[in-house]
Structures are given as C-alpha cells and as structure tokens.
Amino acid sequence: MATITLDTVRKVYAGDVEAVKGVSINIADGEFIVLVGPSGCGKSTLLRMIAGLEDITTGEIKIADRLVNNVDPADRDIAMVFQNYALYPHMSVYNNLAYGLKNRGMKKAEIDRRVKEAARILEIGEYLDRKPRALSGGQRQRVAMGRAIVREPAAFLFDEPLSNLDAKLRVQMRVEIKRLQRSLGTTSVYVTHDQLEAMTLADRLVVLNKGQIEQIGSPIEVYDNPASTFVASFIGSPAMNLLEVKAGEAGLGLAKGTGLSAPNPHGKPAYKLGIRPEHLHVVDGQTVPDGHLSITATVNVLEPVGAESFVYASFADGGPEIVIRVSSHARHQPGSTLQLTADPANLHYFDPENGQRLTG
Amino acid sequence: MNRLKLSDHLILILGVLFMVSPVVLAFITSTHDALTIFRSGLQFTPGDQMVENYRKVMFEAGGFTKQVDGWVMLQNSLILGLGFAIGKIVISMLAAYAIVYFRFPLGSLCFWIIFSTLLLPLEVRILPSYEIVQSLGMVNTYSGLIVPLIASATATFFFRQFYMSVPDELLEAARIDGAGPWKFFIDILVPLSKTMIAAIFIIMFVFGWNQYLWPTLITTDESFFTLVRGIRQILQVWVGSQIPDYQEAMALAIIAMLPPVIVVVIFQSWFIKGLVESDK
Amino acid sequence: MKKVQFTSLSMPYLLLFPQLAIVGIFFLWPAAEAVRSSFYLEDPFGFGSTFVGFDNFVDTVTSSDYGRTARFTAVFTFFVTFLSLAIALLLAVKADKVLRGASTYKTLLMWVYAVAPPVAGLIGLLLFDQHVGPIVDFVALFGWQMQIGVNYYDTATAMIIVSVWKQIPINFIFFLSGLQGISKSVQEAASIDCRSGFRRFWTVTFPLLAPTGFFLLIINITYAFFDTFGIVDVIVKAEPGNNPVTLVYKVFLDGFRGNDLGGSSAQSVILMILVFILTIVQFRLIERRVHYT
C-alpha cells in the first residue's frame, strides 16, 4: 500500500527530444490511475520511469514517500504487467510466478503459498505446470497478472495489458482487473490509448498530450467538463462536436456555413463550441426555447449501432458535419432537414486560440 | 495445380544417386582386399574383408602412419570438434551478451573489431598465423589446434542476431523480478537460446571436425593427428606405391565422415534452422 | 541495440575479454603481419628483411605462374558456383513439389554437407583412379583417356566435379527453405494467373528466390576460393607439380614450400582485398534481404 508522487518529472532523450515535459501527479494510496492519450504522448515513458526502466532526466518520483529516482526496478516494490506479457517462455507458469520471489530469497513454503493463492484468485491453478506457449492469449494475460500479484507490491503498473486480446476478452479482463484491484486495494497506474478502457477503469484519469498533462480528474469530471478541445475530442465516442463559431448580431453563428445560433455567455468574438452527440435533441414541430442552441442541418447518413443510432448531418452553405445521437427507432432519411437544440448547460466554450475551456 | 510428374521423381532419384553412390562405392571398396581391387577393378558388391580392414585401420599403428592408429585419430578429431564447438559457443555467447545488453564506452569499437574477423578467412592469413602460433610454442598442442580457429566471429554474429530478436520486455520483467546481469544471462537468456545453441553446436562441430589445412600445419607430431589430417598421410603412402591400399584409405574416409554425418542427419531440423535463420 | 541495457563498468569487458584476446592474438596480429611482410623481402635463412615497397605485388601480379593460377581460379570458381547452384536449384524445386517421401529426399540430398572436403577429394581420387576408377573406365568408352594428376584439364575436371558434389547440399538446403518461405497464397495467385508451370517458375518463383540466390552466390564464390583447399590438395596428392591449383593453394605453396614469405604475403593481401569486397557486397545483400521479407 503506498502513495506515488511525481514532481515535475521530465524525460529528455538524446537529441533533445522531450518526451515528458514536467509532469506532476499525486496518486493516493489504493487509487486506480489511468494514463491515457494518443500514441507518442509520453504515457508509456512516464510509466516506465515509475518502474525504473527509464532514467529520470529531472524531477522526483516517490513511492511510499521514498525517493526512488536512483533505486533499481527490483527494489522499488512495484510489479508490472506488460503489453506482450513478457512471460519467460522456457519456465512453467509456476516458475514464472515464483521467479521474482526466489530472487528475493523468499522461503519455499511462502513462495508456494503465494503462487497457489494467486493461481486461485486468477483461476489458473490447473495450468501451473504448463509452459506459456501452451496457453491461450487470455490465460497468458492472467499469468502476467499473477506474476504481479504474487509479489504483493506497493503498486501495480500496467502497460496496455489488454491490447493484445480480442474485443470480447478485453471487456471481460477489463472487468476482472477492476474487481481484482478493488479487492486487493493496491495502488495502480494503468496506461492505455483506449479511452473507453480508461473511463471504465479509472478512479482518476490523467489525459496526456505531447508529454504534458491536459487534465486530471474522475472519468465523469473529465467527460462532463473537458479542460481543452484536445480532451473534449479524445474522451467520448463518437467524439464531441467541435464547431468554430463567431459572434454576430443575434448571439453566435458558424464561422463557415449557416444554420446555427447559440448564446454567447462570455462576450467574446469567437469560440470553439463543443456539444456532445447525446446532448443534441431533435425538435419536432416545437419551437426552440429562447437562449437555447438552435441548429438546422441536413441528414447525410443514419448509422444504427443497435441500442442507439447516430445521425451525421451537415450545415448549409459549406458548413461542417456534426454527429447526433438518436434513439434506435428514429428514421431520419438522408436529405431530410433536422431542427436540433441543446440545453445551454451542455454547451462547452473553448478559446479558439489555445483550446482551453472558458469558465464562469 | 502442382501436378506431380514421374519426371520429378526421376530427377530427384538421379540427384540422390549422384550424391550417395560415391560414398556407397567407397564403402564397398573398404570391404575388399587390396589385391581383388587391383586385379579386377572397383567392386560393386560388398566383400568379406570389412571387419579385418576396419580393425586394421582402427587399431593397428603403421600402414599410413607410423605411430598412431585410427582410434587415436578419432579421439583427436573428437577433441578438436568438441573443443572447438564448445569453446566457440561459450566465448561467443559471452561476447554477444556484452555487445547487445550493455552500454559501455568503446562498445562499438569492440563490436567492429570482433566482426572484422568475418572479413578474412584463416586461409588468407595462414602463414603469419602459423608463425605466431609457432612462436608461442603452441605447435603440436590441442590449444594451438583449437584456439586460433575460434578467432572468427561467425558464432558471435549468430548469437548477436538471436539476442536482438529476444523481446526487450523480458529483460524489463526480469529486472523488476530482481535479476541482475548474471542472473538474467543464466536464468533467462541461456535457457532461451537452447535451440540456437544446439544448432550452432552442430554446425561448429562439423566445421571443427572437418578442419584440414590448419591441423596439417600445426600438428607434425603424429599423436595429435585427426582423422581428416590423417588423409594427407594416406596420400604420401599412395604416391609411388605398387598396389595402393584402396580399401584401408576408404575405410579411413568412412570413419572420418561417419560422426559428422550422423550428427547432421539426426539433428537435421535444428541444424537446418540454425543454418538458414542465422544467416538472415 | 536494446531499449534498456545494463550499465556496468567492468562486466562487459570481462565478458568480451576472451573473444577480444583471441581475435587480437590470432586474427589482428597475423593479419597485420601479412600486410607488413608483403612489403618486405625476407631473407630465406632468417637473417632480417628489407623493405621493398610494392615490389612483391608487382612480382606477383606480373609472374606468368600467378596469372595462370588466377585464370584457373576464375574458371574453377565459375564452374563450381554455376553448376552447384543450378543442380541444387533444380533438385530443390522438385523436392519442394513432392509430398510423399519429401523428407527422405531431403535427408539423402543434404547429408554430404557433413563430409570434409579432403574426404570428398579422397573418394574422388578413387573414382578417378587410373587403374580402378569407374569414371575413367566410363569416359574411356567415348575415347577420353582421363589422366588425373598428369593431364592439366583432366585434373581440373575432377576438381570441379568433386567440388560441385560437396557444395550441392548447402545450396539445396537454402534454396529449399527459400522455396518453402514463399507464401502459399502467392503461389496460388500465380497458378490462377498463369497456366504454364515453367513460365510461372521464371516469372514468380525465381524472382522471389533471387535474394536467396544472390546470397548463395557470394557463399559459393567464397567456398570455391577457400574451402576447396582440401579437395585440391588431395586430388593433386599434395604434390601439385604442373597441375592446376587455386590462388589460396598457391599462397600456401609459396609460403610453406617455396619459402617466399614476401610473395606469399602479397598474395594474401590481394586475396584479403578480394574477400573484403565480397563481404561488403554480401552485407549489402543481407540488408536488402531483410527488407525484402
């Protein structure tokens, strides 16, 4: 059980490539933190620095209040689950789990107890004598988890552990990882590029972009109040509609194209306006209340995904395309015109220059 | 699509005959006595002198060489083949490990020095090599026979290629599991290299066993002769003799080829894998 | 190299020490010595040596004996390389096609790899023997009186045949694994596009085998130059006289029999340069090969 503290951690590779640019995070004991971002955002580098597999250029990393900058990975009291599992191919499952414990000089009986216990939790007891190559992808994943569990570490580090699994197994293992982490209560740092995985697992999300933190917060906070256009478009699927708007005589209108009118609460000349697909409602024969968003757009495509459908529609006069979530029973023909609205509370205003959220 | 024709099998059978029949004839020759062969030419059916011929070649000194019999030469061949293969594997595994898994000053210089040996076969630097070994007093010693042959970096190159293909995450996992450089090498890398070691062992054993020029130069004392080296001795008896001992020459040839052939045939799949993959 | 590496001050040097020591003493030193003595004229009785610049090289290259040996080596290399590659390719293509007995054919065609060159030479000596050799008897039917060791061209022929025989297995192994590496779907696509099996081979299979072929070409040239020493030595019965020998054999001959240290070293250096060029070509080809797959 431990807290992890990162204080303005930087990583500069040879040739002045700055992969991580001064990241600070305080991770509470037992917390499940997910580092999420597109590839190349520095999330894996950050995780590997916590593990001790990469040197820290500047800044400090503390695990359980102990400065670990110069501590060997083996002595940081952490366990790591790798994307390709990194199981020792020539060792049985049992020895894969036991290897780290043996190296620490643990007593045989204790090793045996821990391995059996981990095997019971992960339901891999019957495979203990097998070699990794005789296991399926899901089973290998469990062994990789088991190798982390037996160490009873201060923290688990996960490096995209589910990305080698097929979609169905991925969902199943996702649930299992979360349940396991809850019952063990071990501080965890999890790296993924999959925003859905990030949302479902995290106590708190850390959204990274180009080596910097864009936002830290609970999944719902991040979803409801994205701090920037980057977060807004990265979290949520389909992504939030982001429209370039400018102030006109009657509130805000599109910078390019026609068919939108929105309130202007901040009194600025231009914004990026964000609206989530599920916050747009079709208005049938009613009038749009004053001060609400009003959109007129032409349907391009109706995309049913089962429980719901998505409508892709365009503004007139060369305006952008937007996505609207509708019920699966809706029948909007391509070419038909839609009148849409949204509650002003669900509109997100971003600075058009730096993409930062405007509040107040 | 690929309809099999009789001609395909015919070509293959001809190929097999071309490859196999010389050795079969050599074997048949080794089962006759010298006079039969000399009087009525090469025989095409086995004779009755096999046991006698092989016994003579294996256990009677004299004949081709004055002091040693086939048994001693067989032992020397084994020492050369095994010593060379094992020495080369151990030395090159260590060197490749240093090159791939360590960051250290002069690392790339060491790399280039070692791999420059791939440029020049022993044959082109044979005279100075001989003189150096001689000046070190290593003529007519096993180490003089074996060690200079190890200088070429072929196996180091193979192991380097193999280590590079081992996923980085294994090293990372091992470091988190508390394994230092030695432990990682012994516990993880060596067991992982098992097939590779086996393949290289076979290739190197055959290579060492079949050495001819170097043993010819470095061993003048007959008690150090290998079987392949012994072939040269046959020639000197052969030149100018009235009735050459074809049967004993061929018996020695068969004995000299048997161990490497057996090893290659039995461990065929490993050997081919090592040969083909390591050259990539 | 690797993303993560150990940083230890002494260990890598410790690991490298045995290899570096052997390379230093038994490779770098002799190689340097060869280059050095190629510029010196050594007194045959061991009383010092004089610097003669490029004289040794000039003497070597202009001597008619060397020219004759170089020409023979070129012809020998051409025939050995061409014949062993062609026969091995033919056999590999057929062996790739058969299903029944494939592994038997494979074993029977590859095991000669393990036979030492001088042993191959010795068996060749038997088959080409003046009195009992069946091949000599056979060609005599066509009026060819083969005299190995006496007639220059007959001896050359025997050397080439034995060298080809010894080299077929390794070419066969590489060609066969190259053929098996060509994806089934490519071959199936080709059989849909092209009806003639012969055409299909030349337009699809052969180009895909080209990287393996180039690679083997270098291997075979190196083989014909260096590894045939044992065959040559045995077939001339260690007493070459007027018989054809290869350049490498001549290095040995002039150095150890002729006691012409400077000349032998100059020949070594010429061969070194040749091998150097071959190796560079080989490395470039290997790089290409990796990109190819």
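What follows is calculated from the coordinates using simple rules that are stated; it is not laboratory data. Keep in mind it's a predicted model, so treat the numbers as computed, not measured. Counting neighbours? That spans all protein chains shown, and the Cβs are built from the backbone with ideal geometry, glycine included.
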What value, in deg cm²/dmol to 500, does the helix sum -39500 (n - 2.57) over DSSP H runs of n ≥ 4 give at 222 nm once divided by the residues of chain B? -21000 deg cm²/dmol
Counting other C-beta atoms within 10 Å, which of C:Cys194, A:Cys41 has the fewest, and how do the rest follow? C:Cys194, A:Cys41
Percentage relative contact order, chain C, counting C-alpha pairs under 8 Å, at least six apart: 28
What trypsin sites (Lys or Arg not before Pro) in the stretch A:284-360 are in a loop by DSSP, with at most 10 other Cβ atoms within 10 Å of the Cβ? A:Arg331
Hey, what do the phi angles of the stretch B:174-189 turn into as Karplus ³J(HN,Hα) couplings, whole Hz, using 6.51/-1.76/1.60 and θ = phi - 60°, x for Gly and Pro? 5, 5, 5, 6, x, 8, x, x, 5, 4, 4, 5, 6, 7, 10, 5
Which one of C:Gln267, C:Gln147, C:Gln19 has the biggest mean-square fluctuation once chain C is modelled by GNM with Cα springs under 10 Å? C:Gln19
How do A:His279, B:His32, A:His332, C:His131 line up, fewest other C-beta atoms within 10 Å first? C:His131, A:His332, A:His279, B:His32
Summed side-chain charge close to A:Ile121 - residues other than A:Ile121 whose Cβ falls under 13 Å, Lys, Arg +1, Asp, Glu -1: +4
Output the antiparallel fraction of DSSP beta bridges having both residues in the protein assembly as shown, as a percent to the nearest 5. 75
With Rg and the Kirkwood Rh both taken from Cα atoms, where does Rg over Rh land for the stretch A:45-109? 1.03
For the protein assembly as shown, the dipole about the Cα centre with charges only on Cβ (Lys and Arg +1, Asp and Glu -1), to the nearest 20 debye, works out at 1360
Filtering trypsin sites (Lys or Arg not before Pro) in the stretch C:84-160 by DSSP loop and by at most 16 other Cβ atoms within 10 Å leaves C:Arg100
Please compute P(r) over all alpha-carbon pairs of chain B, binned at 10 Å starting from zero, and give each bin as a whole-number percent. 6, 22, 26, 22, 15, 7, 2, 0
Radius, Kirkwood style, for the protein assembly as shown when every pair of distinct Cα atoms is counted (Å): 33.7
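Please go through the stretch C:49-118 and write out the chymotrypsin sites (Phe, Trp or Tyr not before Pro) that DSSP classes as loop and that have at most 15 other C-beta atoms within 10 Å.
Answer in residue order: C:Phe54.
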Once phi for every residue in the stretch B:199-208 is put through the Karplus expression 6.51 cos²θ - 1.76 cosθ + 1.60 (θ = phi - 60°), the whole-Hz ³J(HN,Hα) values, with Gly and Pro written as x, are 4, 5, 4, 4, 4, 6, 4, 4, 4, x
Rounded to the nearest 5, the percent of DSSP beta bridges in chain A running antiparallel is 75
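Pull out a ≥ b ≥ c, the square roots of the eigenvalues of the alpha-carbon gyration tensor of the stretch C:1-121, then state rounded if a/c is under 1.5, prolate if not and a/b is larger than b/c, and oblate in the remaining case. Could you put the intermediate results ahead of the total?
On the way: a/c = 2.99, a/b = 1.25, b/c = 2.39.
Oblate, because a/c is 1.5 or more while a/b does not exceed b/c.
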How big is the dipole moment of the stretch A:4-234 about its Cα centre under a simple scheme where the beta carbon of each Lys and Arg is +1, that of each Asp and Glu is -1, and everything else is neutral? Debye, nearest 20, please. 920
Amide H of A:Asp77 versus every other amide H placed in the peptide plane: which residues, excluding those fewer than 5 positions away on the same chain, fall under 5 Å? none
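Arrange the following residues from fewest to most other Cβ atoms within 10 Å of their Cβ: B:Ser116, B:Ser193.
B:Ser116, B:Ser193
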Close Lys-Lys pairs in the stretch B:63-276, where close means Cα under 23 Å and separation is 8 or more or interchain: 5
Percent relative contact order of chain A, based on C-alpha pairs within less than 8 angstrom and at least six residues apart? 16
Phi-based couplings in Hz for the stretch B:224-234 (Karplus 6.51, -1.76, 1.60; Gly and Pro marked x): 9, 5, 9, 4, 5, 4, x, 4, 4, 5, 4
Find the eigenvalues of the gyration tensor of the Cα atoms of the stretch A:1-113, then list the square roots of 5 times those eigenvalues as equivalent ellipsoid semi-axes, largest first, in whole angstrom. 29, 17, 13
Averaged over B:160-173, number of beta-carbon atoms from partner chains that fall within 10 Å: 5
Determine the relative contact order of chain B: mean sequence separation of Cα pairs under 8 Å and six or more apart, normalised by residue count, in whole percent. 31
What is the sum of charges, Lys and Arg at +1 and Asp and Glu at -1, for the other residues whose Cβ falls under 15 Å from the Cβ of A:Ile324? -3
Calculated over the stretch C:155-293: convex hull of Cα atoms, volume per residue (Å³): 117
√(5λ) per eigenvalue of the Cα gyration tensor, the stretch C:211-282, largest first, Å: 25, 17, 6
Based on the Kirkwood radius over alpha-carbon pairs, what is the Stokes-Einstein translational diffusion coefficient of the stretch B:118-244 at 4 °C with 1.567 mPa s viscosity, in µm²/s? 72
Dimensions of chain A along principal axes (Cα, Å, largest first)? 78, 45, 35
If you build a Gaussian network model of chain B, linking Cα atoms that sit under 10 Å apart, which residue out of B:Leu145, B:Leu122, B:Leu252 swings the most? B:Leu122
Does the stretch A:241-350 classify as rounded, prolate or oblate by the C-alpha gyration tensor (a ≥ b ≥ c root eigenvalues; a/c under 1.5 gives rounded; else a/b over b/c gives prolate, otherwise oblate)? prolate
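Checking the a/c ratio against 1.5 first, then a/b against b/c, what shape does the Cα gyration tensor give for the stretch C:59-181?
oblate
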Value in Å of the Kirkwood radius, where chain C supplies the Cα pairs that are averaged: 22.4
Cα centroids of the stretch C:176-230 and the stretch B:35-86: how far apart, whole angstrom? 40
Can you run the Rg to Rh ratio on the stretch B:1-149? Use alpha carbon positions and the Kirkwood inverse-distance Rh. 1.15
Given all pairs of distinct Cα atoms, the stretch B:82-126 yields a Kirkwood Rh in Å of 12.0
